[in-house]
Ligand SMILES: [Zn+2]
């Protein structure tokens, strides 16, 4: 079974905007109420509440005079809250996520419909009071529609994220074919090496322009009196520009990852602990701007669909400091040094190009040394990306002469 999510813009009528506001409010209230209950239960027993435990709170709440308005909400929307909250707790306990947080009415609002959504012409038909909502569909929803998440951004736009299922599986993951190493740079966004040439991909051109605009609007908003109408309006403008920035960035990341996956079957990236690096303030701006995590995520799912392989190499691998020609490792290479000459073999290296060559070689080494695909030569676990284990079933990558000389 293959799954795919598609995001579409929704255009609710005035009446539907009211219904959605009511549903967002109910779902948010129940999430916060359930989270409180989970915290109490956790203090008492060391465990959170299960999905059914949370669901069992609902009938009494709907009868209670103070909370009977919950009955206005489509019941499966509230049950989805139970599911998502119990999952959030489980992810926390299993170390995959932070502790679940309370939801605020000032942030993005969302509700989930677990089933019974249909496409009707250019609209989505929801169960319950919401009914048929106009949507902007770029192509027909051709899979079986499973869950649909409806959200409202702080800028006031509505979206539906439609999860669909398709018959059949993705092509089996292969680890043969073209191998590309990608160094995620600071000056350029990405530097690739495909075994023949180094290519550099700069950050999207108009991104800087939008970011300037964003900073300006943020300053304007900060000058308005807190809680005032003007502040609220200014914040809405900030939210809109922020969306423009993130759209430009996402669009670029989608195109670049598509290009890379179309031309290569194995993609090697460094496992960058982005969160850890953002804490390092010098790099903070550059990194949070470029969206590395998102990019690797895009690569990961596109490769999964095309039957390719993503290899994440250890983040302590000295990709920049290693001479890709003779394997000599220099001890220091400050971030502002863009090129260097190997003291051992005399090769002159462009910093990023050299790193991409090394990353590719290290990926190939891991592939060849892990016939079973779970651990690399040092016996280290290959770190899964977003909970997904890199699939490395086979190691029939053809090593070119150049690469072999690097690997030795
Ligand atoms: Zn050298």
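The values are calculated or read from the model by the stated rules, or taken from the named source; none is laboratory data. All figures in this text were calculated on a predicted structure; none of them were measured in a lab. Note that we place each Cβ from the backbone using ideal geometry, even for glycine, and neighbour counts take in every protein chain shown.
At-a-glance table
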| read-out | value |
| --- | --- |
| Hey, residue 385 within 21 Å of residue 184 (Cα to Cα), away from the ligand (no atom under 16 Å from the Cβ), surrounded by 15 or more Cβ atoms within 10 Å (Cβ to Cβ) and at pLDDT 50 or above or not | no |
| Test: residue 181 is buried (at least 16 other Cβ atoms within 10 Å of the Cβ), in contact with a helix residue (DSSP H, G or I) (Cβ under 8 Å, 6 or more places away or on another chain) and assigned to a strand (DSSP E or B) | yes |
| Residue selected from segment 301-339 under the condition closer than 15 Å to residue 264 by Cα and crowded, with 22+ Cβ neighbours inside 10 Å, by the criterion nearest to the ligand (Cβ to nearest atom) | 311 |
| Failed item, numbered, when residue 58 is tested on (1) under 29 Å from the mean Cα position of the chain (by Cα); (2) without any contact (Cβ under 8 Å) to a residue 40 or more places away in the chain; (3) within 23 Å of residue 151 (Cβ to Cβ) | (1) |
| Whichever residue in segment 340-349 is over 34 Å from the mean Cα position of the chain (by Cα) and surrounded by 14 or more Cβ atoms within 10 Å (Cβ to Cβ) and, among such residues, is nearest to the ligand (Cβ to nearest atom) | 342 |
| Qualifying residue in segment 207-228 (condition: closer than 30 Å to residue 359 by Cα and assigned by TED's automatic domain parsing to the domain that holds residue 350) | yes |
| First in segment 1-17 and in a helix (DSSP H, G or I), second anywhere and loosely packed, with under 13 Cβ neighbours inside 10 Å and modelled with pLDDT under 95, Cβ under 8 Å, 6 or more apart | none |
